[in-house]
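**Q** Right, I'll just put the structure down here and ask away after.
The values are calculated or read from the model by the stated rules, or taken from the named source; none is laboratory data. Just so it is clear, the structure is predicted and the values come from calculations on it, not from any experiment. We place every Cβ from the backbone using ideal geometry, glycine too, and count neighbours over all the protein chains shown. Note: accessible area is taken over every heavy atom of the protein model, side chains too, but ligands, DNA and RNA are not part of it. Shrake-Rupley method; radii C 1.70, N 1.55, O 1.52, S 1.80 Å.
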Amino acid sequence: MGKTAVYPGSFDPITNGHIDIINRGLRIFDKIVIAVGTNPTKSALFTVDERIEMIREIIVDNSRLEVATYSGLLVDFLAEVDACVILRGLRAMSDFEYEFQLALMNRRLDRQIETVFLMTGSKWFYCNSRIIKEAAAFGGSVRGMVPDDVLMRLKEKFPLMKENNGRKRNKV
Ligand code: ADP
């Protein structure tokens, strides 16, 4: 049996930063279960079904990737899918504090579990779902930060979103 990792998150929506971590993870693990958290207290732009559809559109033919939802304790979900590794991505230092607390809590809840952190590609350092949604809501283009399918769905939610960011750079 191969090594399975669970990559949990809200994926609201999935971004190129998430995809970068999935691709890096595939170099290490045999299988990755992308686990979309269904936290009713967290307000989301996309429904869980929409988030899953977007992920499915991206991972189409890869038999080493699976997408699922979970609610409740992540460690219980890991037991369900018979995995003992949590995959997380790290961006700036600001991620570190929270991720550290989360990893320690999960380890406390289940001693069998290890959290593996992968460093994001430098291109995706500032790529996060929240900032992408904010920029799109105000009409800014987020092309290049999300896959094309996701871009289309964002355009449906935010019709004012520009196709490209306009102004040419001035010469000095
Ligand atoms: P976000 O933090 O963007 O709302 P999620 O809650 O869906 O995203 O995050 C799931 C996991 O993916 C977390 O470990 C998060 O740090 C990681 N992640 C999100 N965006 C990136 C990125 N641009 N590069 C690397 N990891 C990322």
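**Q** Cα centroid distance between the range 128-161 and the range 15-79, in Å?
**A** Answer, in whole Å: 19.
**Q** Same structure, new question: What FRET efficiency, computed as 1/(1 + (r/R0)^6) with R0 = 25 Å and r the Cβ-Cβ distance, is obtained for VAL60 and ILE28, rounded to the nearest 0.05?
**A** The calculated FRET efficiency here is 0.70.
**Q** What does the convex hull of the Cα atoms come to per residue for the chain, in Å³?
**A** On the way: hull volume 23.2 nm³, N = 172.
Measuring per residue, one finds 135 Å³ for the Cα hull of the chain.
**Q** Rounded to the nearest 10 Å², what accessible area does ASP76 have for a 1.4 Å probe in the complete protein model?
**A** For ASP76, the solvent-accessible surface is approximately 90 Å².
**Q** Using a 1.4 Å probe and ignoring any ligands, DNA or RNA, find the accessible area of GLU134 and quote it in Å² to the nearest 10.
**A** My reading of the accessible area for GLU134 is about 90 Å².
**Q** Efficiency by 1/(1 + (r/R0)^6): what FRET value for LEU90 and LYS42, r their Cβ-Cβ distance, R0 = 25 Å, to the nearest 0.05?
**A** Computed FRET efficiency for LEU90 and LYS42 comes out at 0.75.
**Q** GNM, the chain, Cα, under 10 Å: largest mean-square fluctuation among LEU74, LEU109, LEU65?
**A** LEU109
**Q** Using amide H atoms built 1.01 Å from N in the peptide plane, name the residues 5+ places from ILE86, or on other chains, whose amide H lies under 5 Å from its own.
**A** Residues meeting the criterion, in which the H sits 1.01 Å from N, are VAL6, GLU114, THR115, VAL116.
**Q** Also: Amide H to amide H, which residues 5 or more places from VAL81 or on other chains are under 5 Å from it, using H placed in the peptide plane?
**A** Those lying under 5 Å, H to H, from VAL81: there are none.
**Q** In whole percent, how big is the carbon plus sulfur part of the accessible area of the chain, probe 1.4 Å, protein atoms only?
**A** 52
**Q** List the lysines whose alpha-carbon lies under 23 Å from that of LYS162, not counting same-chain residues fewer than 8 positions away?
**A** Of all the lysines, those that pass the test against LYS162 - Cα under 23 Å, at least 8 places apart if same chain - are LYS123, LYS133.
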